[in-house]
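Everything below concerns the one structure shown next.
The values are calculated or read from the model by the stated rules, or taken from the named source; none is laboratory data. What you see is a predicted model, and the numbers here were worked out from it, not measured in a lab. Cβ coordinates were reconstructed from backbone atoms using ideal geometry, including for glycine residues, and neighbour counts include every protein chain displayed. Surface accessibility is based on the protein's heavy atoms, side chains included, excluding ligands, DNA and RNA. Shrake-Rupley method; radii C 1.70, N 1.55, O 1.52, S 1.80 Å.
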Amino acid sequence: MKIKAVFSLFLLLLSGSTLSYGFSGGQLPVPQARAGVIDLRLQTFEDKLPLDGQWQFYWQQFVDPVLKSAPADTLVQFPFMWGGSTVKGQTLPGFGYATYRLTVLLPKRDKILRIAMPDAYSAYQLFVNGREAAANGHISTSAHGFVPHWQYRAFDVEKGIDTLRLTLYIANFVHSKGGIKKPIYIGEKVKIELGRQQAAAIDLMLTGCLFMGGLFFLGLYLMGNRDRAILLFALYSIVYCYRILGVDNYVLHTILPGLDWYLTARLEYLTLFLGIGLFGLYTRYLYPDDISKTAHWVVNSICFLFSAAALVLPASWFTQLINPFLALCLFCIVYTPYVYFRAYKNKRPGAVYALASSGALMYVFTITLLHYWSITPQLQGLSFIGYISFFFLQSLVLSHRVSFALGKARQQAEQGLKAKSDFLSTMSHEIRTPLNSVIGMSHLLLGNNPRKDQVKQLDVMLYSANHLLAIVNDILDYNKIEAGKINFEHIEMNFGDIASHVVTGLQDDAQRKGIALKLEIDGDLKSPVLGDPTRTFQVLSNLVHNAIKFTATGYVLISIRVPQQSANKITLDVRVIDTGIGISKGHQQIIFDRFTQADSSTSRGFGGTGLGLAICKRILELQGTRLQLSSEEGKGSVFYFTQDFEKIAESIKQQPFGVVLPDPQQKPLKGITILLVEDNPMNVLVANNFLKNWGAEVDVALNGAEALHILDTTKHQLVLMDLQMPVMDGYEAARRMRADGVTIPIVALTANLPSEVAEEVKSSGLDDIVIKPFLPGDLYKKIMYHVFGNGSKSK
């Protein structure tokens, strides 16, 4: 269907040009000059009339224009070029001079007529009834004193004049051809002027469209889309602008009448040769697999060779190249649609628009060549439609190409994000697994009554391990936020308790720096609220940890105020205030960017990834709240946010936010047998020690298949199952256990994030997840909950 639309457009344009041509020339016969006289006495001049036909011609003579009559040297069919033309058996050279004479008989009339004089090769002087009426350049009988020039001229024929004796001198000593190629027109002054204004307006508008389009695509290329096809089309559009404004109607010469002929002649031919070459290169880069490399090489070699000739050779030489180059243009007119058809057939991006544009291109070049060979008039309006159609369709090609490239880049970016996510997930697992051993063994050693000097060393090791874990968690959290995979719970929480746990957990850090860590809670905060306790804890913990890190003396204060509340809602104003180094005005915005701190030196002085504040900002933004900052350099900072919560009138019994480990002497898991399925010896050692310290009996399986063989539901009350193991992983082992009717709790042990494995954990029949590296309290809480039910010791 698309290809049918392409040819329908081409046929419509072609039929329009045919109709237009038939209309302009088919109504009344246009008078022709005979024997140097043209009779226009019966004409109404509703349309402009060409003064074509038999003119008197005098080679190598400047006949006195005052003479009313002069013996005719010969008659030529006007317009008449010399430079290969034959007169009386003599082939005229391009260089020389001549006189053309015509007598025009006019009717009686009450309107002023106007004669429009086109460009001539390459200087002329026109006399009417013995007086000069128009001139371009300076004529001469030799190259000495000759000055070529091209510019549109027009002059009026006053009322009452019924006979015009036109004497036209033309001289040429620079171009390969001399004489005049275009008709001289006569018509009503108003209509001639209007026609010229319309022609100039069309050329100016088309030039503006091409130039601005070229600049747009050039900017697109320079600003990042380094597609050579876009660059070449931009250059082609800009170069071809001169062909519209500086050729044929020579509007540019009217705007800038002092332009040097030698410069404009070079530009006229250079832009033709170079424009076709650039378009050939553009097509080459647009559809490299559909174009013949040999044809491309030949066409472009000729174009750029001719371009070089137009730059360095004399005008009389490079102007002779036009005819062989037109043969090349004819080849391109046929070959370009063939390339675009192949691209369309091979389903290249935007090929349907390229094929449509080739139809418009064939249409425009056909009109141009027919006009150049004087077969048809200029048909400027239809040429304008063809040009606009061509450049519009080519713009669609490039737009589709850019869109295709962006789509491909988006797909690659999505694949890159997935690869990054997979990489971070793998690295998370690989880092968390040894961290589980480090943190677990540190807790075990601290629980075995170490010496005081060992306690300090173990504290440092545990602090460092927890710090490394925090960095890993920050990176993974931010990656999850960027990917849009973060979910928020809407459950009961006690905001004051969460703040208290933050203070308790970071109190040691504050004491090590010799600063106070304080908490102030408004007495009006009495009711639990609905929210996400984990994310709330994360935000407060990051803000307080950041404040402690950048405070050397003084204090850090968490302030929770209640600006307003109703029966169902409460607004909390949460502030983390410190007396630290503060932040300058210029850096107060950038510190919320990822991997950013106020000063690069602070990274070395205080450490950290620079993700904490970015994570807090994004978590709060996703909940409709904005993290704000008030700070003065050297005096401290206040990070604060205001958030609305739903209140809960009647609170259900909640799990404590923190877990107090039992005294090992109590043996709370005595009589409980647990099957531990884990392939990592260090993780087995850590978990085994914790479980035995709490009084549990432990059987160990090194993979899922071994677990199926060892499991005894009459003996085991709980299965702790690693997920990634050789032979058989934890997912498959859990599925087979459930298929065999096993109903005891199965808790996953994994270094992956819950969001990454939650769906598969649920489908495999696993009951819960413990994330490695696990804190002893987390493992203890999960076991108590699943073995005894809700943490109580009664089944």
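Summary table
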read-out: Net charge over other residues, Cβ less than 12 angstrom from the Cβ of Val686 (K, R count +1; D, E count -1); value: +1
read-out: The range 693-795 - percent relative contact order, Cα under 8 Å, separation 6 or more; value: 22 percent
read-out: Of all accessible heavy-atom area on the range 676-795, the percent that carbon and sulfur account for (1.4 Å); value: 50 percent
read-out: Theoretical FRET efficiency, 1/(1+(r/R0)^6), r = Cβ-Cβ of Asp508 and Ser403, R0 51 Å, to 0.05; value: 0.35
read-out: Under 14 Å from the Cα of Lys181 - aspartates and glutamates, other chains or at least 8 residues apart; value: Asp52, Asp119, Asp248
read-out: Computed FRET value (nearest 0.05) for Tyr285 with Leu222, which takes r as the C-beta separation and R₀ as 22 Å; value: 0.85
read-out: Average accessible surface area per residue within the range 684-795, 1.4 Å rolling probe, Å²; value: 44 Å²
read-out: Backbone HN-Hα couplings from phi across the range 137-149 [Karplus 6.51/-1.76/1.60, Hz, Gly and Pro as x]; value: x, 9, 7, 6, 8, 8, 5, 6, x, 7, 10, x, 6
read-out: Length-normalised contact order of the range 75-158 in % [C-alpha pairs under 8 Å, at least 6 apart]; value: 25 percent
read-out: Gain on full stretching of the segment that runs from Asp47 to Gln666 - 0.36 nm per residue minus C-alpha separation; value: 211.3 nm
read-out: Entries of Lys526/Lys647; Lys48/Lys182; Lys670/Lys782; Lys456/Lys772 with Cα pairs more than 19 Å apart; value: Lys456/Lys772
read-out: Solvent-accessible area per residue for the range 182-249 (1.4 angstrom probe, square angstrom); value: 45 Å²
read-out: Contact order relative to length of the chain, as percent, for alpha carbon pairs under 8 angstrom and 6 or more apart; value: 7 percent
read-out: Percent accessible area from carbon and sulfur atoms, the range 241-353, protein chains only, probe 1.4 Å; value: 68 percent
read-out: Amide proton proximity set for Gly447, modelled H, under 5 Å, gap of 5+; value: none
read-out: Reported label for calculated mean projected area of the Cα convex hull in nm² given [x] 39.2; [y] 70.8; [z] 53.9; value: [z]
read-out: Separation in nanometres of the label points that stand 7 Å from Cα toward Cβ, at Val562 and Asn129; value: 10.7 nm
read-out: The chain: DSSP helices with Cα axial extent of at least 24 Å and average Kyte-Doolittle hydropathy no lower than 0.0; value: 2-26, 189-222, 228-245, 261-286, 293-312, 322-345, 351-372, 380-446
read-out: Heavy-atom SASA rank of Arg284, Arg512, Arg101 (probe 1.4 Å, accessible area, largest first); value: Arg512, Arg284, Arg101
read-out: Spacing of the two label points (7 Å from each Cα toward its C-beta) at Glu697 and Thr91, in nm; value: 12.0 nm
read-out: Where the range 32-129 is the region considered: accessible area per residue in Å², 1.4 Å probe; value: 46 Å²
read-out: Hz values of 3J(HN,Hα) by residue in the range 179-185 - Karplus curve (6.51, -1.76, 1.60), Gly and Pro given as x; value: x, 9, 10, 9, x, 8, 9
read-out: Carbon and sulfur %, accessible surface of the range 62-168 computed with the full protein complex present, 1.4 Å; value: 52 percent
read-out: Residues of type lysines that Lys347 reaches as a straight line, Cα spacing below 30 Å, ignoring anything fewer than 8 places off in the same chain; value: Lys2, Lys4, Lys293, Lys408, Lys418
read-out: Nearest-0.05 FRET efficiency for Thr254 and Ala72, computed from C-beta distance (R0 41 Å); value: 0.75
read-out: Residues with amide H under 5 Å from that of Glu697, placed H, sequence gap 5 or more; value: Gly671, Ile672, Thr673, Ile674
read-out: Percent antiparallel among DSSP beta bridges (both partners in the chain, rounded to 5); value: 75 percent
